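Written below as structure tokens is the structure these notes are about.
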Amino acid sequence: MPIAGTPPSSPKADAVQRYLIAREDALLPRAVSRRAITFLWLLLAAQLGGAGVASLVRVPVFATGPAVVLPGHTHAFSESGAPVVAVFLPKAAAGQLRVGQKIVLDLGDGPDPRIVRVEAVEPEVRGPAQLSKRFLLSGAAAAAVTRPSVVALTRWAADEPRTVPAAHAGSVYRADVEIGARRAVSFLPVVGTLFGGQG
């Protein structure tokens, strides 16, 4: 029953009002969807643009392992008498280890690491017992080699007084050997899988 003082509404007017309300409700999600789609397209474009830039940038890849200053060990490259340093790396690095690659030695006694180069490689994978026998490891040096490894050899800087490296003989340090490089894009989620993680 219509309220007193208000004109009765016709069925046609009610239908028109319902149509207008339904149209407004339909237009609102449509507008939100357009904004969402635009945002997603912009997000995709930004990721593809970043991937394009990242595909041009190469990031060094390092293998990490213990480095031991070998007392009394000699090698063809150490004719100067400089002590030899052996770096024991995971067997996965066997096919990537090369003479001339950079070794970053963290001696723990200063802010700057020692940078040297790989001067010889023993690519054969040996177990801890074999390596201890091969390099006469004992004590902390033998305990640091806990898995099958390949070995990179270098020398302690020959221009230093021999009494300095002699004090380090048998010591164990951390070493990072640069075994290659990968495109930065290979580290990105989703897009990186297209590159297979290869450089």
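In table form, for the structure just shown:
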read-out	value
Subset tally (residues that are at pLDDT below 90 and exposed (fewer than 14 other Cβ atoms within 10 Å of the Cβ)) for the stretch 84-94	0
Restricting the stretch 34-70 to residues that are touching a Leu at 6+ places or on another chain (Cβ under 9 Å) and assigned to a helix (DSSP H, G or I), the residue that is modelled with the highest pLDDT	GLN47
Unmet requirement for ARG114, which otherwise passes all of (1) surrounded by 14 or more Cβ atoms within 10 Å (Cβ to Cβ); (2) without any contact (Cβ under 8 Å) to a residue 60 or more places away in the chain; (3) more than 22 Å from the chain's Cα centre (by Cα)	(3)
Candidate set: the stretch 157-185, residues that are modelled with pLDDT under 90 and in contact with a Leu (Cβ under 9 Å, 6 or more places away or on another chain); chosen: the one farthest from VAL84 (Cα to Cα)	VAL185
ALA120 vs. criteria within 18 Å of GLY170 (Cβ to Cβ) and in contact with a strand residue (DSSP E or B) (Cβ under 8 Å, 6 or more places away or on another chain)	no
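The values are calculated or read from the model by the stated rules, or taken from the named source; none is laboratory data. Owing to the predicted nature of the structure, the values given are computational and were not obtained by experimental measurement. Methodologically, a virtual Cβ is constructed for each residue, glycine included, from the backbone with ideal geometry; neighbour enumeration extends over all protein chains shown.
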